[in-house]
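Presented below is the structure to which this report refers.
The values are calculated or read from the model by the stated rules, or taken from the named source; none is laboratory data. Model, not experiment: these values are computed from the prediction. Backbone-built Cβ (ideal geometry, glycine too); neighbour counts: all protein chains shown.
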Amino acid sequence: MRHQGSRRQLRRRPAARRHRCHHLRGRRRTRRHRSPSRHLAAAAGATLGVHGAIAVDRQMRTNLPDVFAAGDCVHTYHRLLDRHVYLPLGSTAHKQGRVAGTNALGGEALFAGSLGTQAVKVFDLVAAGTGLRDENARKAGYDPVTAATIADDHKAYYPGSTPIRIRVTGDRRTGKLLGAQLLGSRGAEIAKRIDTYATAISYGASVADIAELDLSYTPPLGSPWDAVQVATTNWQREVMERR
Ligand SMILES: Cc1cc2nc3c(=O)[nH]c(=O)nc-3n(C[C@H](O)[C@H](O)[C@H](O)COP(=O)(O)OP(=O)(O)OC[C@H]3O[C@@H](n4cnc5c(N)ncnc54)[C@H](O)[C@@H]3O)c2cc1C
């Protein structure tokens, strides 16, 4: 890979090579984010936590008097695992920043926690996830069942419908919704659909609760049973069949 190319040279490169360079650059940056630069904080006496990130409580207080921290440099409270993990996300950084700022000014705020909800666009595809996957759920002491479903993003008789692949993970014993992952086309509202699951998990919903949600429906945009509900109904069916 040539690093010295001018803008003009970069533009002339074949598309495949340009994408490869972009991909590599993205990976390198991501790896750096997985382990924050900790030297300044450590030298100042800050206790370090998960992945060497600065240890904070849910008020975003460090162990140092009157020093608060938030964002990629700290470890993050996970609301399903009930422990801290390293989840460097912009969505999380903003919420932690508000909590840190409120408490630094004498207020009383508590970081509710993260579920690791995220979405990524890859060309015309969008992948999104929230909560726990089967393996993490089992490690955390749950009895997970994961069901895979393919459901249309809107009524098939209305032109332009596309399939959404959905995996729903729930706890067999309690029926608690633990996580979901979606993959579909860019126009299939993947990010907003993962947010439906994230919202439900945040309020301790069961998998069965999803079917009761009053979600919007119009043929060009959805179905009377939305794709998120088709997937949870399928989860319930699979659990029944395995009994
Ligand atoms: C390529 C990429 C894509 C991403 N996409 C998403 C996404 O789609 N969704 C999402 O939720 N998150 C995403 N993130 C993660 C998100 O950007 C970070 O979680 C978020 O920006 C963290 O905010 P922060 O304030 O902790 O750190 P930053 O945003 O990194 O801000 C830290 C600031 O401190 C400055 N700084 C550093 N050292 C010093 C110093 N010694 N003195 C003074 N200033 C200093 C830096 O220049 C920077 O401005 C992405 C990250 C990357 C790298």
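When region 88-121 is filtered for residues that are more than 7 Å from the ligand (Cβ to nearest atom), under 15 Å from Asp57 (Cα atoms) and of a type in the set (A, V, I, L, M, F, W, C), the ones remaining, listed by number, are Val99, Ala100, Ala104, Ala109, Leu110, Phe111, Ala112.
Filtered by the rule that a residue be aliphatic (A, V, I, L, M) and not in a loop (DSSP other than H, G, I, E, B), region 69-101 gives Val74, Val85, Ala93, Val99, Ala100. Pairs meeting the criteria (first residue in region 132-143 and under 11 Å from Arg172 (Cβ atoms), second residue assigned to a loop (DSSP other than H, G, I, E, B) and at pLDDT 95 or above, beta carbons under 6 Å, at least 6 apart or on different chains) are Asp143/Arg172; Asp143/Arg173.
When you scan region 142-154, do you find a residue that is crowded, with 18+ Cβ neighbours inside 10 Å, in contact with a Leu (Cβ under 7 Å, 6 or more places away or on another chain) and of a type in the set (A, V, I, L, M), even just one? No, the conditions are met nowhere in region 142-154. Checking each residue in region 64-87 for being away from the ligand (no atom under 16 Å from the Cβ) and not hydrophobic (A, V, I, L, M, F, W, C) picks out Pro65, Asp66, Arg79, Asp82, Arg83. Of the residues in region 59-68, none is closer than 29 Å to Leu132 by Cα, among the acidic types (Asp, Glu) and not in a helix (DSSP H, G or I). If you go through region 50-72 and keep only what is buried (at least 19 other Cβ atoms within 10 Å of the Cβ) and small (Gly, Ala, Ser), you end up with Ala53, Ala69, Ala70, Gly71.
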